[in-house]
There are 2 protein chains.
Amino acid sequence: MTTTGKQLFTTLTADGKLTLEVAEASFPEPTGNQVLLKMEAAPINPSDLAILTGAADFENADYSPGKVVADMPEPFLSGQKGRHGQRLPAGNEGAGTVVATGDSDAAKALMGQRVACVPGTAFSQYAIADAMMCLPLGDHSAEAGASSFVNPMTSLGFVETAKMEGHDAIVHLAAASNLGQMLNRICIEDGMKLVNIVRRKEHVDLLKSQGAQYVVNSSDDDFMDQLRSAIAETGAYLGFDPIGGGKNTDHVLKAMEQVASSQMKEFSRYGSNQDKKVYIYGRLDFSPTILTPSYGLQWTVSGWLLTPFLQRAGMETVVKMRQRVLANLTTTFASHYKSKVDLEGMLTKEAICDYRQMKTGEKYLVTPWG
Amino acid sequence: MTTTGKQLFTTLTADGKLTLEVAEASFPEPTGNQVLLKMEAAPINPSDLAILTGAADFENADYSPGKVVADMPEPFLSGQKGRHGQRLPAGNEGAGTVVATGDSDAAKALMGQRVACVPGTAFSQYAIADAMMCLPLGDHSAEAGASSFVNPMTSLGFVETAKMEGHDAIVHLAAASNLGQMLNRICIEDGMKLVNIVRRKEHVDLLKSQGAQYVVNSSDDDFMDQLRSAIAETGAYLGFDPIGGGKNTDHVLKAMEQVASSQMKEFSRYGSNQDKKVYIYGRLDFSPTILTPSYGLQWTVSGWLLTPFLQRAGMETVVKMRQRVLANLTTTFASHYKSKVDLEGMLTKEAICDYRQMKTGEKYLVTPWG
């Protein structure tokens, strides 16, 4: 028996047109470890926007109900050659109710339950998901469980990465985001020192009201002084940067080196012998990353992605992380949304031009049944 | 008994003046593991230039015999705050004859021998060095042994790093350098595949005449095509870049990702799941490193320095590497010099403005006794 329902698709063609549209789709009967979910809620995360909007021009796009066609500029058009002409689903994560299952025990055990899932096709009325990756939500609402994977596992993943690499302090950029607030709560619980970098006074206040000890404002004239002081006090030589473009990572490495070299007894032409590392885990800014020659050669800049991290961490750690998320879903791991939209509502000019900005604290939740 | 002789010193003062001068210096009697060397030859390596010339203006400097005073521009002046006012020796490595020793057995065993050494003070008529870091040269000349540490250990270190990280192919930039030619010989001996990037036709010919299989020319219109082909054929996802500034590292990462994603069966919004890494081991170009958002987030750019690498590799590996260097000093590990200068000769306008350009195949050798 095939189920039908509405689903969002994104198609980039070689002529530079990006089409987003809601269309009727059919969903096969689940087999083996698969479950079929009636989707109830799915967040629009920055990691969804790469495929959903990218760098396309939605100010001057062609809007009609349930559909929009926008121009994709170079070099982003050729940069995504691999997807040209492919009609792709979207939506990393969400929550819904299991309405059919494959015949494995793991799948059958979920029948009728509300679960969080990571299907990669969450912007849809139905989705097929892997039972092993489903988290039963018990009495929690779909809204409470919709964002229980990407942000919670990512912020837990940062703390886990820091521990694995021998650090007890972290620098985090764009730190007032949903993810940043979550990371702040985790760090307080785990005794991991955290230097939060934000760029607005109200975000300093927000994080301080949530117990953050070190919050520095990159819009202040004495930003670099504030940052050096916080690094000196915490010994934070590991950073996580969701911005990527521009000089944010550069500033962090520079401040780290200035602190480390000021603590050296003797001048070295190679700079300090302190390892300094920043992970870039997002591209809120599509401009190039600029690394100036101001911190010697003992540094690393590396991309951080959730899936390779989870593979590196291993199943046992991942299961523990998910149990911790479930046990603290409405406290440590709570997410907040600015707006709710249905599938058609995702494709209005007003909505797209708002959520694609990824403003701090202004996340959208998609409720595909309205 | 104190020995006296001429030595080169470099001093950067807070007012922005960089002074290089040859002065009479005294050298203490060696103790313990130390030996006193009468220095015979020392190369001017790119790694020496950071402290020797940096970004100072030697076109318009004030030259007198055995002395030059040049202006150091910002941000390089403040960037080296740690050395302001300090009168520093220079010269990482060289070769000389042991004329006095401390009382340890290791030191005494070297008495009268010609050795290669890494004193950090090699631009001098005498130098104190650690016996453990001295390599007895047997019948080799000082010129043959002068460069037996930095380039040989660095190029061997690249191959060792690649093996430690599970690679069997390397991309190398500015590959026609003394170090690059050495790396090519090592890779041929060890069966490590090597993609050489150069920017002049004569360097393509030079490396091919030395048996290099993959040489791509960044000045050719189809450079990126050449690079992608070479990466596809070798599977080289580890690069070493001595240039640092500009888009060289970016081009390598981009080509790696294009090859990897073209080999994927399915489109992924996150790009390929192939790890891609470039080590920056020098700064031939002082402009910022530019990393464009064109290769997903599964990449790493990291500094590579010899000393931390040797510490990571461990004493046993280091001893094996040095034995290999000594056994092949005039073949695999041979260096070539464009000019020989004495200490005063290092400080003429003609010499400085030439060797600071670090042109491929135009290395200087300092012979401090003329």
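The values are calculated or read from the model by the stated rules, or taken from the named source; none is laboratory data. Keep in mind that this is a model prediction, so the values were computed, not measured. Ideal geometry is used to build each Cβ from the backbone, glycine not excepted, and the neighbour counts take in all protein chains shown. Side chains are part of the model used for accessible areas, which takes the heavy atoms of the whole protein and leaves out ligands, DNA and RNA. Shrake-Rupley method; radii C 1.70, N 1.55, O 1.52, S 1.80 Å.
For A:MET182, are the conditions met, namely being in contact with a Phe, Trp or Tyr (Cβ under 8 Å, 6 or more places away or on another chain), surrounded by 20 or more Cβ atoms within 10 Å (Cβ to Cβ), within 22 Å of A:ALA327 (Cβ to Cβ) and not aromatic (Phe, Trp, Tyr)?
Yes; evaluated as a whole, the condition is true for this residue.
Run A:GLY166 past the list (1) without any contact (Cβ under 8 Å) to a residue 40 or more places away in the chain; (2) within 22 Å of the chain's Cα centre (by Cα) and report the number of the one that doesn't hold.
Failed condition: (2).
Could we say that A:SER124 is open to solvent by less than 50 Å² (accessible area, probe 1.4 Å) and either within 14 Å of chain B (Cβ to nearest Cβ) or over 20 Å from the mean Cα position of the chain (by Cα) (or both) here?
no
Any residue at all in the range A:304-323 that's at pLDDT 95 or above, touching a Leu at 6+ places or on another chain (Cβ under 8 Å), within 14 Å of another protein chain (Cβ to nearest Cβ) and within 30 Å of A:THR249 (Cβ to Cβ)?
yes
Do the conditions hold for A:PHE149, that is, is it open to solvent by less than 20 Å² (accessible area, probe 1.4 Å) and at pLDDT below 95?
So A:PHE149 fits the description; yes.
Please identify the pairs in which a residue from the range A:286-297 that is at the interface with chain B (Cβ under 7 Å from one of its Cβ atoms) has its Cβ atom under 7 Å from the Cβ atom of a residue that is among the β-branched types (Val, Ile, Thr) and surrounded by fewer than 20 Cβ atoms within 10 Å (Cβ to Cβ), counting only partners at least 6 apart or on another chain.
As it stands, the answer is A:PRO288/B:ILE290; A:PRO288/B:THR292; A:ILE290/B:ILE290, since those pairs meet every condition given.
What tally of residues in the range B:254-272 results from selecting those that are modelled with pLDDT of 90 or more, surrounded by fewer than 24 Cβ atoms within 10 Å (Cβ to Cβ) and not charged (D, E, K, R)?
Here the count works out to 3.
Name, by its number, the condition in (1) at pLDDT below 95; (2) surrounded by 23 or more Cβ atoms within 10 Å (Cβ to Cβ) that does not hold for B:VAL118.
Result: B:VAL118 fails condition (2) only.
Mind listing just one residue for me: the one in the range B:315-370 that is surrounded by 13 or more Cβ atoms within 10 Å (Cβ to Cβ) and of a type in the set (S, T, N, Q) and, of those, nearest to B:LEU284 (Cα to Cα)?
Top of the filtered list is B:THR360.
If a residue counts only when it is closer than 15 Å to A:THR10 by Cβ, which strands (runs of 3 or more DSSP E) contained entirely in the range A:25-101 have at least 2 such residues?
Of the strands (runs of 3 or more DSSP E) lying wholly inside the range A:25-101, those with at least 2 residues that are closer than 15 Å to A:THR10 by Cβ span A:57-64, A:67-71.
Could you give me the residue pairs with C-beta distances under 6 Å whose first residue belongs to the range A:190-219 and is assigned by TED's automatic domain parsing to the domain that holds A:VAL171, whose second residue is open to solvent by 60 Å² or more (accessible area, probe 1.4 Å) and among the hydroxyl-bearing types (Ser, Thr, Tyr) wherever it lies, and which are 6+ apart or on separate chains?
Hits for this filter: A:ARG199/A:SER219.
Out of (1) in a loop (DSSP other than H, G, I, E, B); (2) under 28 Å from A:ALA23 (Cβ atoms), the odd one out for A:HIS167 is which?
(2)
Taking the conditions exactly as written (modelled with pLDDT under 95, open to solvent by 10 Å² or more (accessible area, probe 1.4 Å) and of a type in the set (D, E, K, R)), does A:ASP103 satisfy them or not?
no
Residue by residue, here is whether (1) more than 13 Å from every other protein chain (Cβ to nearest Cβ); (2) within 25 Å of B:LEU305 (Cα to Cα); (3) not basic (Lys, Arg) holds:
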residue	(1), (2), (3)
B:GLN213	yes, no, yes
B:TYR237	yes, yes, yes
B:ILE243	no, yes, yes
B:HIS251	no, yes, yes
B:LYS265	no, no, no
B:SER268	no, no, yes
B:LYS276	no, yes, no
B:TYR279	no, yes, yes
B:ARG283	no, yes, no
